[in-house]
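The values are calculated or read from the model by the stated rules, or taken from the named source; none is laboratory data. Not measured: the values here are computed from a predicted model. Counting neighbours? That spans all protein chains shown, and the Cβs are built from the backbone with ideal geometry, glycine included. Note: accessible area is taken over every heavy atom of the protein model, side chains too, but ligands, DNA and RNA are not part of it. Shrake-Rupley method; radii C 1.70, N 1.55, O 1.52, S 1.80 Å.
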Amino acid sequence: TTALKQYYRAVPMQVDFLKNAPAVMARINRSIAQITEGMIPQALSFLAPRTRMLLINAIFFQGMWASKFKKYATEAARFYTIKRRRLMVDMMYQEGRFRYGRVSGLQLLELPYLGNKVSMIVLLPRSRRGWRWLENRLTTSRLQRWMRRMYKQKVEVYFPRFRISSNIPLMR
């Protein structure tokens, strides 16, 4: 357990799943919330009756843009969902030099995070009905080919403010 704590910041716990599952779950969730400074408030929502051991890993990424969007340049604007619903959202804006490319029916934009080691690649169909086109053509090799056609240029970027969270079970 010393190596687990030292190298992985792991917190091994011995618990009794059978007799007190709700309290065990609450204890694990409190521990994860504390370790992640509240960013992951609830990792577990249920325990299977036959649970004997859990291995939990939590990942949190809070990227800061290399070229920050200014708060004063954010305003409400129309945004269309895949289902063609129109919403009003907070739309960020900035102008700058970014890697950008166009392929038939698609725009690509690279938004690097601070440190320029990680970036977000944004794929935007050129028409509101272009999602089907994109879904039918998106493969790893095509994405790589499309990205080779990107080059740094002056771009006006309108981008919705967003937050993503996900809970992905390793087993079902």
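Taking a Cβ cut-off of under 12 Å around LYS71, the surrounding Lys, Arg, Asp and Glu residues balance to a net charge of +1, with basic ones at +1 and acidic ones at -1. When the alpha carbon gyration tensor of the chain is reduced to an equivalent ellipsoid, its three semi-axes come out at 40, 19, 18 angstrom, largest first.
When the alpha carbon gyration tensor of segment 1-41 is reduced to an equivalent ellipsoid, its three semi-axes come out at 20, 16, 4 angstrom, largest first. In this rough spin-label picture, where each label sits 7 Å from Cα along the Cβ direction, the ARG84-GLN62 distance is 4.0 nm.
Solvent-accessible area of the chain (1.4 angstrom probe, protein heavy atoms only): carbon and sulfur portion equals 52 percent. Note that the chain presents 83 Å² accessible area per residue, ligands and nucleic acids not counted, probe 1.4 Å.
Please calculate the 1.4 Å probe accessible area of ARG78, with all protein chains present, and give it to the nearest 10 Å². Taking all protein chains as shown, ARG78 has close to 140 Å². LEU143 contributes an accessible area of around 50 Å² to the protein surface, as traced by a 1.4 Å probe with all chains present.
The slack between VAL155 and MET13, meaning 0.36 nm per residue of separation minus the straight C-alpha distance, is 46.0 nm. If R0 equals 25 Å, the separation of the Cβ atoms of ALA48 and SER165 corresponds to a calculated FRET efficiency of about 0.60. Separation of segment 1-44 from segment 83-103 is 39 Å, based on Cα centroids.
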